[in-house]
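A short reminder: the numbers here are calculations on the coordinates, not readings from a lab. Bear in mind the structure is a predicted one, so any value in this text is a computation, not a measurement. Note that we place each Cβ from the backbone using ideal geometry, even for glycine, and neighbour counts take in every protein chain shown.
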Amino acid sequence: MPEIATLAILVAVVLLALTFDFINGFHDTANSIATSVSTRVLSPRQAIVMAAGLNFLGALMSHSVAKTISSGLIDAAMVPEYIVIATLIAAIAWDLITWYYGIPSSSSHALIGGLVGASIAFTASVGIVKWDGVVEKVLIPLVTSPVVGLLLGFLFMKFLFLALARATPQFVNRWFSKLQIVSAAFMSYTHGMNDAQKSMGIITFALIGAGILPSGTNVPIWVMVSCATAMAIGTAAGGWRIIKTMGINMIRLQPINGFAAETAAAAVIAAASAIGAPVSTTHVISSSIMGVGAAKRVSAVRWMLARSIVWAWVLTIPATAAMGAIGVLVIKGLMMLGHVR
């Protein structure tokens, strides 16, 4: 392929990846601030400014998750750059669809599903996928992280109930209105630490595939800064449909509930980031909110809404894998048509 064409494709990949990061930011803003806004601990403007800044900071603190995406799932040297274009289009489309309907789905798994589906469609073989990495870094955390988030949220909330059994409601609300700001900040920081790295990984994947970087290389500084910036700007744009779903429609929250949910979720996400597992921050905070609600009473959670969210989780990877595969087939068809002409 001529060098100028390769450069043009790489520019398209970078622009699409930053677009995905921007959309990921406003799609997943709710992960960081829904509980703080719904409990009125922070105004929407205050919450968004804090979340944007800490998302940016968190995105610069590690690249373990980015390395998993760039070299732990697919051999980048075996697929062309347009695979990444199909992947990003699939992930962006899924994010916009679920955002429109107010469903907090996973941007992370949309990206991974698109990448796996596009790569398999290109090679017509499942052998292109590093299944050990997919199972260890994606599928196992996909199942375990929401379960751990739910249990941790439930147990932490139960502990707070016991520890504060004799406290007055005024005392609890006054103190946890302040503590929830700390937990929201922690949640925003860990969200950037895990989620912004997906786009860093996919850009690095494309650079490896083009032969510009060697396999297994660290994420370049310019990629880290640009992705962190796109995530922060997207977070500042807000995602009010999903904030309403998570912070208001699923369960009515008090500051103590928001503190428990955010702290439990942030702890799970921080642990996953440390081992390079690209978990869904959406899954984790959603399940933590469910656990906190169930600790109050099982009927406090609107389980019909929760069921629709779980179905979105289940469908994300296969749906985006199919979309990524279709995108590759369309691109290949257009390229073949161009050669015939």
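Quick one: Arg302, Arg297, fewest Cβ neighbours within 10 Å first, how do they rank?
The order, fewest Cβ neighbours first, is Arg297, Arg302.
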Under the Debye formula (equal points on every Cα, no solvent term), log10 I(q)/I(0) of segment 30-96 at q = 0.12, 0.16, 0.25 Å⁻¹: -0.55, -0.80, -1.05
P(r), alpha carbons of the chain - 10 Å bins starting at zero, rounded %: 6, 28, 33, 20, 9, 3, 1, 0
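Explain nothing, just the number: dipole magnitude of the chain about its Cα centre with +1 on each Lys and Arg Cβ and -1 on each Asp and Glu Cβ, in debye rounded to the nearest 20.
1320
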Percentage relative contact order, the chain, counting C-alpha pairs under 8 Å, at least six apart: 38
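Considering only Cα-Cα distances, which of the following residue pairs are longer than 23 Å: Lys137/Lys296; Lys158/Lys178; Lys178/Lys296; Lys137/Lys198?
Among Lys137/Lys296; Lys158/Lys178; Lys178/Lys296; Lys137/Lys198, the Cα-Cα distance tops 23 Å for Lys137/Lys296.
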Extension gain (nm, one decimal) between Ala167 and Trp222, 0.36 nm per residue minus Cα-Cα: 14.8 nm
Amide H contacts under 5 Å for Leu213, placed H, 5+ residues apart: Ile208
Helix-only mean residue ellipticity at 222 nm for the chain, each DSSP H run of n ≥ 4 adding -39500 (n - 2.57), per residue, nearest 500: -26000 deg cm²/dmol
Convex hull volume per residue in cubic angstrom - Cα atoms of segment 85-162: 96
Exposure proxy ranking, count of Cβ atoms within 10 Å, fewest first, for Val328, Val314: Val314, Val328
Which of Val79, Ile208, Gly324, positive extreme of dipole for the chain (C-beta unit charges): Gly324
Proximal charge balance of Ser177 [Cβ under 14 Å; K/R count +1, D/E count -1]: +2
Efficiency of FRET from Cβ geometry, Arg307 and Arg40, R₀ 35 Å, rounded to 0.05: 0.80
Per DSSP, loop chymotrypsin sites (Phe, Trp or Tyr not before Pro) in segment 77-178 with at most 15 further Cβ within 10 Å: Tyr101
Gain in span if fully extended, Thr6 to Val147, counting 0.36 nm per residue against the direct Cα distance: 46.5 nm
Likely footprinting exposure, His109, His283, fewest C-beta neighbours within 10 Å first: His109, His283
Cut-off under 5 Å, modelled amide H: who pairs with Ile74 long-range: Lys130
Point-to-point label distance, Arg174-Ala124, nm (Cα→Cβ direction, 7 Å offset): 7.3
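At 30 angstrom or more along the helix axis (alpha-carbon based) and mean Kyte-Doolittle of 1.0 or higher, what helices does the chain contain? Whole DSSP H runs only.
3-27, 140-163, 303-340
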